Structure formats: C-alpha cells, structure tokens
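A.B. asks: Handing you a structure now.
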Amino acid sequence: MSKEYKRTLITTALPYTNGPVHIGHLAGVYVPADIYARYLRLAGRPVTLIGGSDEHGVPITLKARAEGVSPQDIVDRYHSLIKKSFEGLGISFDIYSRTTSDIHSATASEFFRRLYDNDRFIEKESMQLYDAEAGQFLADRYVTGECPHCHNPKAYGDQCEACGTSLAATDLIDPHSAITGSVPELRPTRHWYLPLDRWEPALREWILEGHKEWKSNVYGQCKSWLDMGLQPRAVSRDLSWGVPVPVEGAEGKVLYVWFDAPIGYISNTKELMPDSWETWWKDPETRIINFIGKDNIVFHCIVFPAMLMAYGDGFQLPDNVPANEFLNLEGDKISTSRNWAVWLHEYLEDFPGKQDVLRYVLTANAPETKDNDFTWRDFQARNNNELVAILGNFVNRVIVLTHKYFDGVVPASGQLEPVDEAAFTDMEAFKASLTDNLENFHFREALKDAMGFARMGNKYLQDTEPWKVWKENPGRVATVINTCLQICASIAVAMEPFMPFMSSKLAGILGLSELKWDEVGTRPLQEGTKIGQPELLFEKISDETIQAQTDRLENIKKENAIRNFKPGEVKPEITIEQFGQIDLRVGTVLTCERVKKSDKLLKFSIDDGTGTPRTIVSGIARQYAPEELVGRQIVFVANLAPAKIRGVESQGMILSALNADGSLAVVAPTAQISPGASVS
C-alpha cells in the first residue's frame, strides 16, 4: 500500500439467498475479509466491514416456484440463516443487511434514474426467448439446454456449470423453458444497456496502468476482457421479482441483478451511517477493498466501476479487489445443486465450539493463487497436529508452569540471556513478516507467521528447560516463564484475526483487557499480574467424528449418481433364437463363503434342482456378507462354460444389476420357485 489512507471500507460479495453458505464462500470471500478487518481494528485504523444478502435474481424465483412459495419467503428464510451462520463463525460485519430493504430499493432506483436522466444508457430492442405457455420472457436461468462448447445437456442460459463458459440463452442448443418445459420462441423486447465501451479507455487506464499490483488472476482477467473490447451490457430484465425499473413504460421490468446487487454496498453503508456514508464512498482519503470470488471479477472490476464512473459525483473506485480462486471438496467441485458442500450452519451444529478450527483450516488451505481442496482428513490433521500439538500445547504448558512455580502470577524477568533475546528478535521478525503479508492480502503466509510464535515458543521452552533449572536457579526460571508468557500474549494478538474465539479465551486467561497490534513482540504483561487457570484451547478430533462426515459425503455422492443415472446404450439386436441359447435358471443358495485372498469374490454352493450342488464364483463380496445370501434364491446362467477363478471351478454366472451408485444387487424371483426352474 503506497498511500496512507484515513479509513478503509471493506465490502464482501453478497451471497444469493436461495440457499445457505458453504466453505467455498467462506474461503473465497468472508474469512479473508474478516481477517483483514480484524487486523486493521487491532492496528487502530478506522475500518468498516459491509455485508448483506443478494435477494433478487432468477435462482431465487426458481427456488420459490419449486417449493410453491413466494420469493420473499425464500429470501426471508435464507437471509436469516446466513446472517446467523456468519455470526456463529465470528465474521465481524459492522452491518449485514439485504437488497429487499426499502433503503436499498430507493438507492438502486435513484442510481438508475440518475444514469437514465444523464443519457448514460442505450435503449434498444433485441430478440429474446419467450415462453408462450407461461406468457413471459425467459431470463437467463429460466432457460436450459445443451452447452454449445462441452455439450452438457443441462446448461443454463447464462453459464454452463460443467465447463464454466459464460453463455447467452440464445447460445443454447435445443433450449427449453425451465418453467413449463416448452420450447421457447424468439420475440422482440426493449431494454436499457450500459455502454461499457464508452468507459473502456478510463477502465483501461485505471486498471492496466494504475493497478499493476493487483493479484495476477484479477489483473489478467481484467486485461483479457479489455483486450477483447467491451460491449454494452443490459441492466434490466423482464421479470416480476426485483427492483422495478423506475421509468415510464417499463412495466414488468426490473433492474438486472448484477446492476442491482453492487449498489447494495452503498445502500448498506447508508443504512449503517445515514449521516456520514458519503465520507466512506466519496472521500479520496477512504480506501475501498472488494473481497470477492474469481467468478465475480468482471462485475467488480469492470461493470461496477463503469457504473460509478457513469454516476460521477465523487464516487471512489476500489483500491484493490483481492479475489480468490475456488475451493473444491474432497477432489470435486463444490456444487449447491448436487448438495456437494460443507454447509456452515451444519458445521456449527456438528462441531460446537470449533469455529476457529474451520477458520484456521480454510486460511491455511486458502485458494489464493489456484484452486485448492478441502478434505476432512486434512481438517483433522491440522487440528490435531498443529492447533492441539503446537499452539495449544505450548500455551497450556506455560500456564501450568506459571501456576506450579509462581502461584499463577507473572514473575519478574531478570537479566536476559542470548536465548531470551533471540526469542524477542524472532518475534520482531515474525511480526514484520506477518504485517507485510496481511497488508498485501497474503493470508496463508500470514497465518504461517502467526503460528511461528507458537513454534518458536515450543522450541524456546525445550531449549531452556525450566523444570530442570528450578531447584538450582529459580530466578532464571522466572525470566524464562516471563518470556513464555510474553510470547503467549503475542499469540493472543497475532492470532486474533484468524481465530478470534481462541484469542479472546487466551486474552482472558492472561488478563489482557485490550489487544493491540503494536504490542506484538513486546512485553505487555506486567510483573505481578494474576493469570487464570489453564484451559484447553483445542481438543483432538476423533477418527469417528471425521468418518461420520466422509460417510455423509459418500451417501450424497451415491444419491447424486442415482438421481442423474442414464441407461447405457442398448447392445446390438439379437434374434429370439440367439437369446434361446442362454439357459437362465433359478437356484437356492446352500452355502456361501469368501474366496481366500480375495476381497471381491464369493464362492456359492447352489441347489439347481439336479441333486448335485453347483459351485459358482461371483464378484459381489463388497456388496454382500456371505451369511446374507444363504437360503436366498438367485438367477444364474446354467450353460456358461466352466472357468477356473482363484483355483475354484465356477460352473455358471449369478445375475446381478449394477446400480448408478456402483452398488450391485442380485437378481432374484419375487416368489418361491422350485430350484432349477427356467427363466424365460
């Protein structure tokens, strides 16, 4: 940051209220924004963190239609859930409001009207898809069809979620209405467009010349859009849900959600500070930071700045837009529609008191420069091996030793030896690196710096071994424990942006009434201060707890596979004579056992009605325990040529069906049949 600012306004992308928030949202936007806001507060720098729900847009109306309720019912439900979830994780918004508020509607309407009155729009007619059965034009997500790029049959009219390509509804192959399923027709309609090309020279100078320090993914995507040449973009839609277009002749039209939503940053600031909001948006001494995910880069770096330029009146443009990449889950893309996610509200229920663990893991594995992966095993390992074994272990040992040797009172420090001075030198270095990384939005590296205090503290404690020195030199132990307690105090401050709950607990134990960034690496704890009793800051997470989460995901994967199942192509036709050559019969399982040295094979003894049991080997051991099948009837191929399988001669084949989720089920008659009866 080259310029010193009087204040910082932080905005976070507004989540859609058509569902809860998940760890991808947290890692991409909300945890990084909260880390930065908390750091600035600790440093004594004025900051406001603005958040809110995006409550307009087609996904919300689709959700409402599917549930048979109103869009307002949907947004009321999820706005409340999202707000409560953020509070539970400690996201320290100064305000978390919504775009259905009266103040937002008035602000967005005034914004559009000013641009309209100043001839900032182009009004033009275009051909758009129309559902004659529903009697309405179809906005982006009301149209589904085949993606022209990857041929995904379920692409939306604005984007293909399979390949990520941005689309127009008219690009789709074989489009259908998401409302009635009918084939839409093209009809003319009039809309207002923001001519982005008019602002392209100013945007090019502002971004390409003025902000080369931006993250490479942000700068590169902006440059790509600018190099392709900007085109006018519609700012209205033919919908009934949203902020009505505030001009005559615009009945049945609302503001497009990507014009409407970013104005929510302004309206939410107005709601929080009705008398001073302009200071935070129009004073050049305010630094504006937009925290977003990479899918929002074009809207926050191209569209919204162009809107502000068109409006004028001193609105400041963002100084930085530190967008993150995507977080995947167990090697697969997080997907709301497939329920492939870790939902924040469910996490808070399943892991009470472990908010900081999630914050820590999401930061340690943040997708800052490339897509990253969240796994439950990594979550467990970071908790047990880092938070418990390193940070928690150090703090607990220090507090226990303080009570053991000094009755829980901060002892006086004597003459520092080189090892003690080295500890404070290390803390100064950690603080310098930590501060630099936080200032430049390198939160993964910053967290490593903050953990460096605990790692160094453990090493210092082991090197000084106060338990061995106590009898001979209690004065030396006092110096060591004092130093360790000062390290703990630095941990309480340095970790506060990342793990505020732990930090608050540790500060309480140490008797720190206020945390200040300037005191990191110093000696804020005064001699004679009474500290609290030792408390575990973190607890180990068991294998059983993690297994429950991985089992849940496995079940979701199976449910998705079954839901999206499509039969394979039918094999080439055969004649009735050819089919007649296959001898299918019913048999009763007499015995069943596992084939030695195989986790896949079962050995059956089958009553086939001949009086001599038939042996068949089948690869269904992963789906069935042997004892489950004894006494059951199955269908088998009786005239299959015998084959040796793991040293056992198999005299046929048991028929089974392969389900979409990979499971197998044996084919069996629904009524008791005589063994050996033919199947035809």
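The values are calculated or read from the model by the stated rules, or taken from the named source; none is laboratory data. Keep in mind that what you see is a predicted model, and the values were worked out from it rather than measured. In this analysis, Cβ positions are derived from the backbone assuming ideal geometry, glycine residues included, and neighbour counts consider all displayed protein chains. Ligands, DNA and RNA are stripped out before the accessible areas are found, and what is left, the full protein with its side chains, is counted by its heavy atoms. Shrake-Rupley method; radii C 1.70, N 1.55, O 1.52, S 1.80 Å.
A.B. asks: What's the local net charge at PRO367, with K and R +1, D and E -1, over the other residues with C-beta under 13 Å away? Walk me through the numbers before you get to the answer.
C.D. replies: Numbers: positive: LYS215, LYS294, LYS333, LYS370, ARG444; negative: ASP295, GLU325, GLU368, ASP371, ASP373.
Result for the neighbourhood of PRO367: 0.
A.B. asks: Carbon-plus-sulfur fraction of the accessible area of the range 548-680, 1.4 Å probe, in percent? Don't skip to the end; give the middle numbers.
C.D. replies: Details: 4550 of 8550 Å².
The C+S portion of the solvent-accessible surface of the range 548-680 is 53 percent.
A.B. asks: Additional query: Give the long-range amide H neighbours of ASP373: residues separated by 5 or more places, or on another chain, with amide H under 5 Å away, using H modelled in the peptide plane at 1.01 Å from N.
C.D. replies: Hits under the 5 Å cutoff: ASN328.
A.B. asks: Given N residues in the range 127-203, what is its alpha carbon radius of gyration divided by 2.2 N^0.38 Å? Provide the component values of the computation, followed by the final result.
C.D. replies: Values: Rg = 14.2 Å, N = 77, 2.2 N^0.38 = 11.5 Å.
Ratio of Rg to 2.2 N^0.38 Å for the range 127-203: 1.23.
A.B. asks: With every protein chain present, what accessible area does TRP340 have (1.4 Å probe, heavy atoms only), rounded to the nearest 10 Å²?
C.D. replies: 10 Å²
A.B. asks: Short version: ³J(HN,Hα) in whole Hz for each residue of the range 291-299, in order, from phi by Karplus 6.51 cos²θ - 1.76 cosθ + 1.60 (θ = phi - 60°), x for Gly and Pro, what are they?
C.D. replies: Each residue's phi maps through the Karplus curve to give 8, 9, x, 5, 6, 10, 4, 4, 6 Hz.
A.B. asks: Then there is this: Using the scaling law 2.2 N^0.38 Å as the reference, what is the normalised Cα Rg of the chain?
C.D. replies: On the way: Rg = 32.3 Å, N = 680, 2.2 N^0.38 = 26.2 Å.
Relative to the rule-of-thumb radius for its length, the chain sits at 1.23.
A.B. asks: At 0.36 nm per residue, and after removing the present C-alpha to C-alpha distance, how many nm does the segment from GLU278 to GLN159 gain when stretched out fully?
C.D. replies: Details: separation 119, 0.36 × 119 = 42.84 nm, distance 3.58 nm.
Between GLU278 and GLN159, full extension yields 39.3 nm more.
A.B. asks: If you don't mind, there's one more thing I want to ask. Using mean Cβ contacts within 10 Å as the protection proxy, how do 308-315, 100-107 order, highest first? Intermediate results must be reported in sequence, preceding the final value.
C.D. replies: On the way: 308-315: 15.4, 100-107: 17.8.
Result, highest mean Cβ count within 10 Å first: 100-107, 308-315.
A.B. asks: If you take every DSSP beta bridge whose two residues both sit in the chain, what share of them, in percent to the nearest 5, is antiparallel? If you can, show how the numbers build up before the last one.
C.D. replies: Working: 53 of 73 bridges.
That works out to approximately 75 percent antiparallel.
A.B. asks: Label 7 Å along Cα→Cβ of GLN623; the range 581-600 residues with amide nitrogen under 14 Å?
C.D. replies: Backbone N within reach: 600.
A.B. asks: Mind giving me the FRET efficiency for GLN316 and CYS150? R0 is 60 Å, r the Cβ-Cβ distance, nearest 0.05 is fine. Don't jump to the answer; show the numbers that get you there.
C.D. replies: Values: r = 40 Å, r/R0 = 0.67.
The calculated FRET efficiency here is 0.90.
A.B. asks: Another question about this same structure. Excluding residues fewer than 8 places away in the same chain, name every one of the aspartates and glutamates whose C-alpha is closer than 20 Å to that of LYS597.
C.D. replies: Partners within reach: GLU627, GLU649.
A.B. asks: With a Förster radius of 30 Å, plug the Cβ-Cβ distance of ASP73 and GLU346 into 1/(1 + (r/R0)^6) and report the FRET value to the nearest 0.05. Can you show the working numbers first?
C.D. replies: Numbers: r = 21 Å, r/R0 = 0.71.
E(calc), rounded to 0.05, equals 0.90.
A.B. asks: Next up: Run the simple label-point estimate for ARG187 and THR170 please: 7 Å along Cα→C-beta, distance reported in nm.
C.D. replies: 1.6 nm
A.B. asks: Cross-link partners among lysines for LYS468, C-alpha distance below 17 Å, same-chain residues fewer than 8 apart left out?
C.D. replies: Excluding near neighbours in sequence, the set is LYS404, LYS459.
A.B. asks: Next question, about the same structure. Where in the range 84-190 are there trypsin sites (Lys or Arg not before Pro) that are in a DSSP coil and have at most 13 other Cβ atoms within 10 angstrom of their Cβ?
C.D. replies: Numbers: sites: LYS84, ARG98, ARG113, ARG114, ARG120, LYS124, ARG141, LYS154, ARG190; in loops: ARG120, LYS154.
Filter output for the range 84-190: LYS154.
A.B. asks: Per-residue counts of other Cβ atoms within 10 Å, averaged by peptide: what ranking do you get for 654-665, 478-489, 398-409, highest first?
C.D. replies: Peptide ranking by packing, descending: 478-489, 398-409, 654-665.
A.B. asks: First measure r as the distance between the Cβ atoms of GLU573 and ALA665, then evaluate 1/(1 + (r/R0)^6) with R0 = 25 Å and state the FRET efficiency to the nearest 0.05. Please list the in-between numbers first.
C.D. replies: Values: r = 26 Å, r/R0 = 1.06.
The formula returns an efficiency of 0.40 here.
A.B. asks: Next question, about the same structure. Taking the full set of protein chains and a 1.4 angstrom probe, give the accessible area of ASP283 in square angstrom, rounded to the nearest 10.
C.D. replies: Only protein atoms counted, so the area is about 40 Å².
A.B. asks: Suppose the chain between ALA381 and SER126 were pulled fully straight at 0.36 nm per residue; how much longer would it get relative to their current alpha carbon spacing? Before the final figure, lay out the partial values.
C.D. replies: Numbers: separation 255, 0.36 × 255 = 91.80 nm, distance 5.57 nm.
Residue separation times 0.36 nm, minus the Cα-Cα distance, leaves 86.2 nm.
A.B. asks: Also: Provide VAL69, VAL520 ordered by accessible surface of protein heavy atoms (probe 1.4 Å), highest first.
C.D. replies: Numbers: VAL69 55, VAL520 5 Å².
Reading off the accessible areas and sorting them downward yields VAL69, VAL520.
A.B. asks: Okay, moving on. Ignoring everything but the protein chains, give the 1.4 Å probe accessible area of GLU544 in square angstrom, nearest 10.
C.D. replies: For GLU544, the solvent-accessible surface is approximately 130 Å².
A.B. asks: For TRP192, which sequence-distant residues (separation of 5 or more, or a different chain) have an amide H within less than 5 Å of its own amide H, given hydrogens modelled in the peptide plane?
C.D. replies: Amide H neighbours of TRP192, under 5 Å, 5+ apart: VAL235, SER236.
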